[in-house]
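As structure tokens, the structure follows; a few thoughts come after it.
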Amino acid sequence: MVLAQLGGGISRALAQMRDATVIDEKVLTDCLHEIARALLQADVHIKMVSDMRSNIRRIVNLEALAAGINKRRIIQQAVFAELCKMLDPGKPSFVPTKGKLSVVMFVGLQGSGKTTTCTKYARYHQRKGFKPSLVCADTFRAGAFDQLKQNATKANIPYYGSYMESDPVKIAVEGVERFRKENSDLIIVDTSGRHKQEAALIEEMRQVAEATKPDLVIFVMDGSIGQAAFDQAQAFKQSASVGAVIVTKLDGHAKGGGALSAVAATKSPVIFIGTGEHIDDIEVFEVKPFVSRLLG
Ligand code: GDP
């Protein structure tokens, strides 16, 4: 909902500035006010917004800029750069290496696209020559194992799960053990994502992470969530030390502004985006095109 406003608001603010005959302090202040409002409406954390505002004020010193310099352009570039900075947590995410075992655990709320994204991620690496495998540790949702099984079968990826066992930790450990023996170099653990009993979910994630010791925990978020992104991401971060984010459903109307909050909450980068329901609808995340889309 709010994501369209984010881009729209900033574009509007910049357009207003384009229409102004003279770029003076007042125009800059109004413009920053508009941008801040748009970002806040888009549920970006208030501290990030105020940091961005003061950074731009610092960068764009109108008085110091010589006459003839395109000040509008400088302000636009500063806004663009600040949004890029918000998406850069300053440290890269863990990257699996072919031939060396990595365990990657996926977390996120039900409906975020987690199970679909697990298979996409597996397939992406399979194409690069990895030997991925999938473990279904979601014992909560009836049908979760069938869904993973179907996806995995289509992509010809080995899978592990159980219709009988109700302990997700046991399944996760057994699955990881099985595929370790089978020389998989990328074991992907899908987890439960129920909406209710969130405290129990977070505790379950903690236990699965403790038992499987993943090299990377990926937080999957629906690209259309706004304010909820920060709290969700932070809750998962506290339970399972999230190291990367994947934003799904960016093929729809959502611009994905919630990703800014997820990056801030987890201090982890976005690594991929989901762009459709098909197994190959996954793209490596790139900051600049994403920010252009936000502003567009
Ligand atoms: P989970 O409950 O988090 O495991 O979510 P699922 O993987 O079952 O996905 C929920 C729904 O979102 C399914 O209908 C998926 O096909 C759909 N979905 C997942 N990723 C994307 C995406 O990138 N784009 C679109 N359009 N749909 C997606």
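Observations
- Number of residues in segment 165-200 that are within 29 Å of residue 259 (Cβ to Cβ) and free of Cβ contacts under 8 Å to residues at least 24 places away in the same chain: the value is 4.
The rows are residues; the columns are (1) assigned to a loop (DSSP other than H, G, I, E, B); (2) surrounded by fewer than 24 Cβ atoms within 10 Å (Cβ to Cβ).
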position: 150; (1), (2): no, yes
position: 163; (1), (2): yes, yes
position: 169; (1), (2): no, yes
position: 188; (1), (2): no, no
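- Residue in segment 157-166 that is polar (S, T, N, Q) and either at pLDDT 95 or above or away from the ligand (no atom under 16 Å from the Cβ) (or both) present: yes
- So residue 134, is it away from the ligand (no atom under 14 Å from the Cβ), within 20 Å of residue 175 (Cβ to Cβ) and modelled with pLDDT of 95 or more: no
- Pairs meeting the criteria (first residue in segment 47-64 and modelled with pLDDT under 75, second residue not in a helix (DSSP H, G or I), beta carbons under 7 Å, at least 6 apart or on different chains) are 62/23; 62/24.
- Residue 142 of a type in the set (Gly, Ala, Ser), within 15 Å of the ligand (Cβ to nearest atom) and assigned to a loop (DSSP other than H, G, I, E, B): yes
- For segment 208-221, the count of residues that are farther than 18 Å from residue 102 by Cβ, more than 11 Å from the ligand (Cβ to nearest atom) and open to solvent by 30 Å² or more (accessible area, probe 1.4 Å) is zero.
- Test: residue in segment 103-111 that is assigned to a helix (DSSP H, G or I) and within 14 Å of the ligand (Cβ to nearest atom): no
- Of the residues making up segment 175-208, those that are farther than 19 Å from residue 240 by Cβ and touching a strand residue (DSSP E or B) at 6+ places or on another chain (Cβ under 8 Å) are 178, 179, 180, 182, 184, 185.
- Given (1) touching a helix residue (DSSP H, G or I) at 6+ places or on another chain (Cβ under 8 Å); (2) free of Cβ contacts under 8 Å to residues at least 24 places away in the same chain, number of the condition residue 260 does not satisfy: (2)
The values are calculated or read from the model by the stated rules, or taken from the named source; none is laboratory data. Keep in mind the model is a prediction, meaning the values are calculated, not measured. Ideal geometry is used to build each Cβ from the backbone, glycine not excepted, and the neighbour counts take in all protein chains shown. Note: areas computed on protein heavy atoms with side chains; ligands, DNA, RNA excluded. Shrake-Rupley method; radii C 1.70, N 1.55, O 1.52, S 1.80 Å.
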